[in-house]
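Visitor: Here it is, the structure, as C-alpha cells.
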There are 2 protein chains.
Amino acid sequence: MRALLGSGGVRTEQRKSLYIDEMRRHFGEVDSILFIPWALNDHDRYLELMHERGLNAGYELIGIHTHVDPLAAIEKAEAISIGGGNTFRLTWELQRSGAMEAIRRRVLNENIPYMGVSAGTNVACPTMQTTNDMPIVQPTSFATLHLVPFQVNAHYFSGSTWVQTSEDDFLEHFGETRDDRIREFHEMNELPVIGLREGSYLRCHDGVVTLIGAPARLFRAGHEPIEVSPDENLSSHLKY
Amino acid sequence: MRALLGSGGVRTEQRKSLYIDEMRRHFGEVDSILFIPWALNDHDRYLELMHERGLNAGYELIGIHTHVDPLAAIEKAEAISIGGGNTFRLTWELQRSGAMEAIRRRVLNENIPYMGVSAGTNVACPTMQTTNDMPIVQPTSFATLHLVPFQVNAHYFSGSTWVQTSEDDFLEHFGETRDDRIREFHEMNELPVIGLREGSYLRCHDGVVTLIGAPARLFRAGHEPIEVSPDENLSSHLKY
C-alpha cells in the first residue's frame with residue numbers, strides 16, 4: 001500500500017516546493033492522476049486552481065467529475081489523489097457514489113498510489129472522526145477508506161486559537177484547543193491520532209510510516225501525547 | 001417559548017457578570033434548574049465546576065445524571081439548562097436517551113425556560129450542523145431540538161486563526177475560516193446562521209430574538225453576511 005498524506009496549508013514557496021518534491025517522488029512516472037475534487041463545491045474551478053497554482057506538480061490531473069461513470073474512471077486510474085475542502089461533503093459523495101469501496105480496493109489490492117491532502121487525508125483513515133470540518137451534510141457512516149490503521153488530525157496546531165483584532169493585536173479565543181478535541185476523541189475511541197502540522201506529510205509504504213517536513217504530535221488513548229521528529233519512522237508508535 | 005442562548009467563552013469577570021445577570025433575568029424565581037452535562041465526559045466534575053466558578057448564578061443546578069430516570073426528571077423540571085462540550089456527544093446522548101423529544105415538548109408546549117451555552121446552544125437549533133466540534137461519536141441524526149428556526153455558530157470569530165509561537169509571535173494558520181465554513185454550510189443548506197461571538201447571548205422570547213453583549217454576524221444563503229448590533233431585534237432578518 002502506497003499513500004502520501006498531506007496536512008494542507010501549502011501557501012508558502014517553501015511548502016510548495018516540498019509538496020512538489022514529495023508528490024513527484026510518490027507518483028513517479030505515471031501519465032495521469034484521477035483527481036477527486038468532491039470536498040469543494042465547484043469542481044471545475046478546483047481543477048483549474050490546482051493547475052494554475054502548479055499543485056499538479058507537472059502531472060495531468062483528470063477530474064472525476066468529467067467522467068460520465070466515476071466508478072469506471074476509478075477502475076482505469078493509474079493513480080488517485082483527493083484534495084481538501086469539507087470532509088463531510090467528501091465522505092457523503094464517496095459513499096453515495098460507491099467510490100469508497102472502489103478506491104479502497106484499487107489502493108489496497110492493486111497497489112495504485114494514493115495521495116490525500118487535508119480532507120483527502122482524513123478519508124484515508126479508518127474514520128473521518130478527526131476532521132476539523134463543519135458537518136454541512138450527513139454521511140450514512142463516519143467510516144472511510146481505512147488505508148492506514150490510525151487517524152490523522154490535519155492542520156494540527158498546539159495551544160490556543162488567537163484572533164487578530166488589529167495589525168499587532170491578538171485576542172485569545174476560548175473554544176476547545178486541538179489537544180482538547182483529540183482528548184475528547186479518545187474518551188470515546190481507541191485509534192491513535194497523529195496531529196499533522198500544516199506543510200507536512202506522512203509517507204506510508206507497506207506498513208512503514210515516515211514523517212516529512214515538520215514535527216508532529218502523537219496522541220494515544222491513555223497516554224500523554226508525544227512529539228515526533230521529521231524523518232522518523234512512526235510505525236512502532238502506531239500499534240494499538 | 002423562552003430560550004437564552006449563549007456562545008460560551010465566559011472567562012473574564014466582565015463576561016461572567018453579564019452571564020449571571022442574563023441567567024437571573026431569564027430564570028427569575030425558579031427554585032432549581034435541571035442541568036444536562038452530557039457534552040462533557042465527567043458529569044460530577046462539570047456540576048462541581050459550575051458551582052465553584054459561580055456559573056450557577058445562585059441557583060441550585062441538579063445534574064440529570066444524578067437521576068435514575070432522566071425522562072422523569074425532565075417531566076418534573078421547572079427549568080432546563082444544557083452546558084458546553086462536544087456537540088456530537090451531547091446530541092448522541094439526547095437522542096439515545098429519548099431526552100430530545102421530552103425537552104422539546106416541555107419547552108415548546110409547556111413554556112418552561114431553556115438555557116443553552118455553546119453545545120447547549122447548538123442543539124437548540126433545527127440541526128447541530130453549525131457546530132465547531134469534532135465528530136467523536138455518530139448520532140443517529142443531526143436533527144436537534146429546533147426551539148428556534150435558525151442556526152447559531154457559537155464561539156464565532158471573524159478572520160483567520162493565528163497560532164502563538166512565542167510571547168509576541170503569531171503565525172497565520174491556513175485552515176478554513178469560520179466564514180468559509182458557514183459559506184460551505186450554505187452551499188448545501190438554507191437555514192440562516194447567526195455567528196455569535198464569545199461572551200454574547202440571544203434572548204429568544206416568543207419570536208422576538210434580541211442580541212446581547214457583542215455584535216454578531218448574520219449569514220443567509222445567497223446574501224452577503226451583515227453585522228448586527230447588540231440590543232437589536234433580529235427577528236426580521238431571520239425569515240427564510
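The values are calculated or read from the model by the stated rules, or taken from the named source; none is laboratory data. Since the structure is predicted, the reported quantities are computational estimates derived from the model, not experimental observations. Glycine gets a Cβ as well: all are built from the backbone with ideal geometry, and neighbour counts include every protein chain shown.
Visitor: I'd like the full set of residues that are of a type outside the set (S, T, N, Q) and either within 13 Å of chain A (Cβ to nearest Cβ) or in contact with a Lys or Arg (Cβ under 6 Å, 6 or more places away or on another chain) (or both), limited to region B:97-122. Full working, then the answer.
Guide: Looking only at region B:97-122, we keep the residues that are of a type outside the set (S, T, N, Q), and these are B:98-108, B:110, B:112-117, B:119-120.
If the condition is that a residue be of a type outside the set (S, T, N, Q) and either within 13 Å of chain A (Cβ to nearest Cβ) or in contact with a Lys or Arg (Cβ under 6 Å, 6 or more places away or on another chain) (or both), then B:Ile112, B:Pro113, B:Val117, B:Ala119 are the ones that fit.
Visitor: Go through (1) in contact with a helix residue (DSSP H, G or I) (Cβ under 6 Å, 6 or more places away or on another chain); (2) surrounded by fewer than 24 Cβ atoms within 10 Å (Cβ to Cβ) one by one and return the number of the condition A:Glu93 breaks.
Guide: The number of the failed condition is (1).
Visitor: Just the residues that are part of a helix (DSSP H, G or I) and surrounded by 12 or more Cβ atoms within 10 Å (Cβ to Cβ), please, taken from region B:48-68. First the steps, then the outcome.
Guide: Within region B:48-68, the first condition is being part of a helix (DSSP H, G or I), and the residues that meet it are B:48-52, B:64-66.
Within region B:48-68, B:Glu48, B:Leu49, B:Met50, B:His51, B:Ile64, B:His65, B:Thr66 meet the criteria.
Visitor: Also, quick follow-up: Could you please find all residues in region B:135-186 being of a type in the set (Phe, Trp, Tyr), part of a loop (DSSP other than H, G, I, E, B) and either under 17 Å from B:Ala39 (Cβ atoms) or at the interface with another protein chain (Cβ under 8 Å from one of its Cβ atoms) (or both)? Before you say what the answer is, go through the steps one by one.
Guide: Initially, region B:135-186 is screened for residues of a type in the set (Phe, Trp, Tyr), giving B:142, B:150, B:156-157, B:162, B:170, B:174, B:185.
If we keep only those that are part of a loop (DSSP other than H, G, I, E, B) as well, we get B:142, B:150, B:157, B:174.
Across region B:135-186, the qualifying residues are B:Phe142, B:Phe157, B:Phe174.
Visitor: A further question follows. Answer yes or no: is there a residue in region B:221-240 that is assigned to a loop (DSSP other than H, G, I, E, B), of a type in the set (Lys, Arg) and at pLDDT below 95.
Guide: Scanning region B:221-240 turns up at least one residue that is assigned to a loop (DSSP other than H, G, I, E, B), of a type in the set (Lys, Arg) and at pLDDT below 95.
Visitor: Just name the residue that is farthest from the other protein chains (Cβ to nearest Cβ) out of those in region B:12-47 that are assigned to a loop (DSSP other than H, G, I, E, B) and surrounded by 14 or more Cβ atoms within 10 Å (Cβ to Cβ).
Guide: At the first step, the residues of region B:12-47 found to be assigned to a loop (DSSP other than H, G, I, E, B) are B:12, B:28-31, B:37-42.
From what is left, the residues that are surrounded by 14 or more Cβ atoms within 10 Å (Cβ to Cβ) are B:30, B:37-41.
Values: B:Val30: 28, B:Pro37: 14, B:Trp38: 12, B:Ala39: 9, B:Leu40: 8, B:Asn41: 5 Å.
The qualifying residue farthest from the other protein chains (Cβ to nearest Cβ) is B:Val30.
Visitor: Looking at B:Gln129, is it within 13 Å of chain A (Cβ to nearest Cβ), surrounded by fewer than 21 Cβ atoms within 10 Å (Cβ to Cβ) and outside any helix (DSSP H, G or I)? Don't jump to the end; show me each part of the working.
Guide: Working: within 13 Å of chain A (Cβ to nearest Cβ): yes; surrounded by fewer than 21 Cβ atoms within 10 Å (Cβ to Cβ): no; outside any helix (DSSP H, G or I): yes.
In short, no.
Visitor: Here is a further query. May I ask you to say which residue of A:Gly120, A:Gly116, A:Gly84 is under 15 Å from A:Phe35 (Cβ atoms), under 12 Å from the mean Cα position of the chain (by Cα), touching a residue at least 60 places away in the same chain (Cβ under 8 Å) and part of a loop (DSSP other than H, G, I, E, B)? Working first, answer last.
Guide: Working: A:Gly120 fails: part of a loop (DSSP other than H, G, I, E, B); A:Gly116 fails: part of a loop (DSSP other than H, G, I, E, B).
Exactly one residue qualifies, and that residue is A:Gly84.
Visitor: Going through region B:187-199 one residue at a time, which ones are surrounded by 22 or more Cβ atoms within 10 Å (Cβ to Cβ) and either among the hydroxyl-bearing types (Ser, Thr, Tyr) or at the interface with chain A (Cβ under 7 Å from one of its Cβ atoms) (or both)?
Guide: If the condition is that a residue be surrounded by 22 or more Cβ atoms within 10 Å (Cβ to Cβ) and either among the hydroxyl-bearing types (Ser, Thr, Tyr) or at the interface with chain A (Cβ under 7 Å from one of its Cβ atoms) (or both), then B:Glu198 is the only one that fits.
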